[in-house]
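A short write-up of the structure that comes next.
The values are calculated or read from the model by the stated rules, or taken from the named source; none is laboratory data. Since we're looking at a predicted model, the values are computed, not measured. In this analysis, Cβ positions are derived from the backbone assuming ideal geometry, glycine residues included, and neighbour counts consider all displayed protein chains. The protein model used for the area step is the full one, side chains on, heavy atoms only, and it has no ligands, DNA or RNA in it. Shrake-Rupley method; radii C 1.70, N 1.55, O 1.52, S 1.80 Å.
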Amino acid sequence: MSAALWIQTSTRADIEQVLDARLLEAANMVSSLISDHQIEVARAGDRTLPVPMTRETGYSKQLSCQIWALDGGLVGRSDGAPDVELTEAAAEGYSRSIIEGEPWRVYTLVNEELGVRVMVGDSLAVRDRLVRDVLEGLLLPAALILPLLAAILWISVAQGLAPLDRLANTLRARAPSDLSPLPEGSAPRELRPVRLALNSLFAKVASARDVERDFTTYAAHELKTPLAGLRTQAQVMRLSDDPGVRANALSAIERSVERTNRMVRQLLDLAAVERSEQELDVTDLGHLMRETVDDLRTLAAERNVVVETVAPDHAMRQRTNPFLLQAALRNVIENAIYASPPEGRVLVALEDGDAAVRFIIRDEGEGIPPELLDRVSTRFTRGRGSGPNGSGLGLSIVASAMERLGGAVQFAPGKGRGQTVRLILN
């Protein structure tokens with residue numbers, strides 16, 4: 001509708017401009033013919049002029065011309081021109097008039113030299129007919145073609161979106177637990193990346209679900225053991241009056257509480273590490289190392305283990321995530337303390353390499369068996385020196401934290417005995 005109105009308005013304006021120019025040219029032509037005496041006019045009476053204005057085929061009204069004397073008498077008119085004056089406007093220029101109830105557009109030209117006024121006009125109904133014919137010529141083919149184009153567009157879009165609809169129906173019909181890859185089959189080139197991305201997402205979600213399921217199963221199992229020990233030792237204390245038996249039961253309860261406390265803390269650490277955002281800050285690595293060791297000196301004293309630190313004299317600052325780095329460092333040092341024998345030593349050193357910074361933690365324990373090195377960072381994997389307090393979570397926390405930091409974890413045998421762990425920051 002808007003397009004039709006715009007076409008009608010612009011077409012009418014163009015036609016009005018062309019036809020007004022035609023009126024002006026016709027008036028000038030008649031005036032020129034009179035001046036050249038190719039048309040003889042009389043000073044009185046009504047006379048038909050041989051003005052070269054032909055009837056336009058197909059239209060009901062022709063271009064009409066009248067010549068009036070300046071004193072008011074009709075000098076001449078063209079064939080078919082109205083009997084009455086075309087316009088009452090005496091001034092030269094365009095005007096509108098009503099003749100026999102019909103609107104006209106008239107151009108008046110005053111020839112002072114000959115003392116005449118030339119009026120040339122045409123009916124506005126002719127102009128409306130021209131506009132209507134132009135609109136019909138433009139809109140009628142469009143009215144016939146547009147439905148066809150709409151149908152073709154509808155069919156093309158429907159066919160183009162059909163594979164996407166099938167994919168949506170396939171996904172809608174899947175059970176929430178179904179994370180299997182989408183079935184292979186022919187698909188448009190545009191949908192292949194979508195299918196590959198969905199299959200990749202399903203694989204990641206399935207892997208995460210399996211890890212979480214295993215995590216829950218192992219955590220429940222590992223927590224069940226110390227809790228069962230606590231219950232048993234509590235029953236022993238309640239049923240026995242022997243001070244020695246009660247003391248042994250109390251020691252067992254303390255060990256179970258310690259083991260449970262460490263496991264719960266490590267579970268919380270693991271969850272915190274995996275959801276931690278990469279908020280980087282300029283960190284003094286030497287200060288962070290010494291602070292972490294100080295937090296663990298009570299544990300080392302309880303186990304009669306000495307922890308030594310070695311760091312460069314100058315301050316070593318690096319932009320990193322201090323929470324992730326401290327979580328990794330604390331768990332490695334804690335594992336080293338638990339793995340070390342009584343009166344053993346744990347060395348924690350900070351080295352500044354050419355391309356990376358390294359934390360080196362060395363203990364005097366039994367070390368990690370070679371057959372466990374490839375899966376030692378897997379959750380709930382324990383080494384032979386982990387002891388009863390080991391949960392198998394420490395090194396998985398370390399691996400996850402270092403991966404998020406863009407670093408690496410390296411394991412190497414100690415000098416003579418023990419284990420060396422390197423945390424490398426690029």
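Against the criterion of being open to solvent by 60 Å² or more (accessible area, probe 1.4 Å), among the aliphatic types (A, V, I, L, M) and within 23 Å of Asp210 (Cβ to Cβ), Leu164 does not qualify. Could you list, ordered by first residue, the pairs with Cβ atoms under 9 Å in which the first is in segment 295-316 and within 27 Å of Asp281 (Cα to Cα) and the second is charged (D, E, K, R) and exposed (fewer than 12 other Cβ atoms within 10 Å of the Cβ), at least 6 apart or interchain? Pairs that qualify, where the first residue is within 27 Å of Asp281 (Cα to Cα) and the partner is charged (D, E, K, R) and exposed (fewer than 12 other Cβ atoms within 10 Å of the Cβ): there are none. Beta carbons closer than 7 Å, at least 6 apart along the sequence or on distinct chains, pair a first residue in segment 138-167 that is in contact (Cβ under 8 Å) with a residue 40 or more places away in the chain with a second that is open to solvent by less than 60 Å² (accessible area, probe 1.4 Å) for Leu138/Ile7; Leu139/Ala4. Considering segment 69-81, the residues that are part of a loop (DSSP other than H, G, I, E, B) and open to solvent by less than 20 Å² (accessible area, probe 1.4 Å) include one that is nearest to Asn111 (Cα to Cα), namely Ser78. Cβ-Cβ contacts under 9 Å between residues 6 or more apart (or on different chains), taken from a first residue in segment 172-200 that is under 21 Å from Gly160 (Cβ atoms) and open to solvent by 50 Å² or more (accessible area, probe 1.4 Å) to a second residue that is among the aliphatic types (A, V, I, L, M) and not in a helix (DSSP H, G or I), are listed as Val194/Ala187. Flag set for Ser123, criterion: closer than 28 Å to Thr9 by Cβ and among the polar types (S, T, N, Q).
For segment 96-143, the set of residues classified as farther than 21 Å from Leu70 by Cβ, open to solvent by 20 Å² or more (accessible area, probe 1.4 Å), of a type in the set (Val, Ile, Thr) and not in a helix (DSSP H, G or I) consists of Ile98 only. Looking at segment 98-120 only, could you name the residues that are closer than 26 Å to Ser35 by Cβ and out of contact with any Lys or Arg (no Cβ under 8 Å at 6 or more places or on another chain)? Scanning segment 98-120 gives Tyr107, Glu112, Glu113, Leu114, Gly115, Val116, Arg117, Val118, Met119, Val120. Which one of these does Thr309 not meet: (1) touching a helix residue (DSSP H, G or I) at 6+ places or on another chain (Cβ under 9 Å); (2) polar (S, T, N, Q); (3) at pLDDT below 90? All conditions are met except number (3). I'd like to know if segment 238-254 contains one or more residues that are at pLDDT below 75, of a type in the set (Val, Ile, Thr) and part of a helix (DSSP H, G or I). Scanning segment 238-254, I find no residue that is at pLDDT below 75, of a type in the set (Val, Ile, Thr) and part of a helix (DSSP H, G or I), so the answer is no. Scanning segment 290-307 for residues being within 52 Å of the chain's Cα centre (by Cα), open to solvent by 40 Å² or more (accessible area, probe 1.4 Å) and not polar (S, T, N, Q) gives a total of 5.
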